[in-house]
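Below is one structure, written out as structure tokens; the observations come after it.
The values are calculated or read from the model by the stated rules, or taken from the named source; none is laboratory data. Here the structure is a predicted model, which is why all the values come from computation and not from measurement. So basically every Cβ, Gly included, is an ideal-geometry build from the backbone, and we count neighbours across all protein chains shown. Just the protein is used for accessible areas: all its heavy atoms, side chains included, with ligands, DNA and RNA removed. Shrake-Rupley method; radii C 1.70, N 1.55, O 1.52, S 1.80 Å.
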Amino acid sequence: MRVLLVGSGGREHALAWRLTRRAEDVDLHAAPGSPGIARLGECHPIRAEDPEGLLALAHSLDVDLVVVGPEAPLVLGVADVLRHAGVAVFGPSAAAAAIEGSKSFAKEVMAAAGVPTAAQLPIARPPCVIKADGLAGGKGVHVCRSQEEVDRALRAVGKLGGGVVVEELLEGPEVSVFALCDASDALALVPAQDFKRAFDGDAGPNTGGMGSYAPVPGLGEPEVAELVATVHRPVLAELQRRGSPFVGLLYAGLMLTPDGPRVLEFNCRFGDPETQSVLPLVDGHLASALMAAATGELTGVSLGHRDGAAVTVVLAASGYPEEGDRGTEILGVEHAEERGALVFHAGTALHGDRLVTNGGRVLGVTGLGETVARARAAAYEAVSALEPDGLRYRSDIAAEAAAGRTFTLAG
């Protein structure tokens, strides 16, 4: 199968890594790709937000499937252009991608579908959560427990130029549940937990994600099936009813409150950095499953998951999320990989033969092990082999799960 992967981040590198496993038999191409992806397939200098360029590339390569990684091109309608031209695409239309592109639209859909979520508030008053209505790269959510935080959040969201959604502040652990969807059916992957705050102890501003692990202790197949039945399938049915069928990856960000699970947000694509922890645990032919979803034939398809666990630690620029880092040499990747870790490129570039930083989140280091504790130890051992001049990382990723904490749907 010839696959064109759209994107250049850590999520796309993880997808490229999984799709090029020997059993997949995939001829991989990427646009624009990254230095990490270039080791797995051929990269083409076309932007993810260039639908006509991607269409021309897909036709010239005679690809069987296009997999769109990032949310921005999906919200802009890249999948529509490709699908209208007869190209099989794993990724929703612009109308369906509005489930992520507009928080207010997602609220409307959830209300119509009867999906439990945080209540909207008429005014911003602490305690509350203030969200940018549109895309913000995972940085548009502000948890406010004081009036000072409310004022600061309103200023930050106002600078983005879009609308504002205010919600009640819920308490409980967060989990991410991914499901491959073909408009009517949903196939769940192993659940994950990510760490959004910039610093240890969940301090600092929200980011695109500083680490993740999978699976989530206590959330086995029966619990995940219950979540998909309560959350994903009703949303798929509602979008279908509205004439906007969802084809692609529907990601539910959930909080396990004392009153049961509540949806915090929907995303229209694989999460980052959860994908880096989830995909190493997927067992089965992923490329075929993505194709089945893209062509409306997901019913009957199954994907198992491997025993064990995965933990991903993100190395980010010292000023992230406000500022990135560009041009600083990255050393030690080979040493980390020699220790058995997977090193995914999130924001890197090549200057000659030198690997350098090129973004806010730079690398994701994934450790594997029989348990979360062992996977966590493997991840941090590999991080220690790197020489991340000017980069930082959280030291507490998956610490509670490694210490034995489990989760239930009742919170």
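What the table below lists for this structure:
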item: Two-site label geometry, residue 240 and residue 148: point separation in nm, points 7 Å out along Cα→Cβ; result: 5.1 nm
item: Virtual spin-label span in nm between residue 377 and residue 2, 7 Å along Cα→Cβ; result: 4.7 nm
item: Per residue accessible area of region 160-227, 1.4 Å probe, in Å²; result: 33 Å²
item: Heavy-atom accessible surface of the chain: percent carbon and sulfur, 1.4 Å; result: 49 percent
item: Average Cα contact separation per residue, region 259-402, under 8 Å, 6 or more apart, as relative contact order %; result: 26 percent
item: Average Cα contact separation per residue, the chain, under 8 Å, 6 or more apart, as relative contact order %; result: 17 percent
item: Where region 291-411 is the region considered: accessible area per residue in Å², 1.4 Å probe; result: 46 Å²
item: DSSP-loop trypsin sites (Lys or Arg not before Pro) across region 1-87, with at most 16 other Cβ within 10 angstrom; result: 21, 47
item: Separation in nanometres of the label points that stand 7 Å from Cα toward Cβ, at residue 111 and residue 283; result: 4.4 nm
item: Sequence ranges 69-80, 199-210, ranked by mean other-Cβ count within 10 angstrom, highest first; result: 69-80, 199-210
item: Extended-chain gain in nm, criterion 0.36 nm per residue less alpha-carbon gap, residue 389 and residue 49; result: 119.3 nm
item: Relative contact order (percent, whole number), region 147-216, Cα cutoff 8 Å, 6+ residue spacing; result: 21 percent
item: Per residue solvent-accessible surface (Å²) - region 1-98, probe of 1.4 Å; result: 37 Å²
item: FRET efficiency, 1/(1 + (r/R0)^6) with R0 30 Å, evaluated for residue 39 and residue 120 via beta carbons; result: 0.05
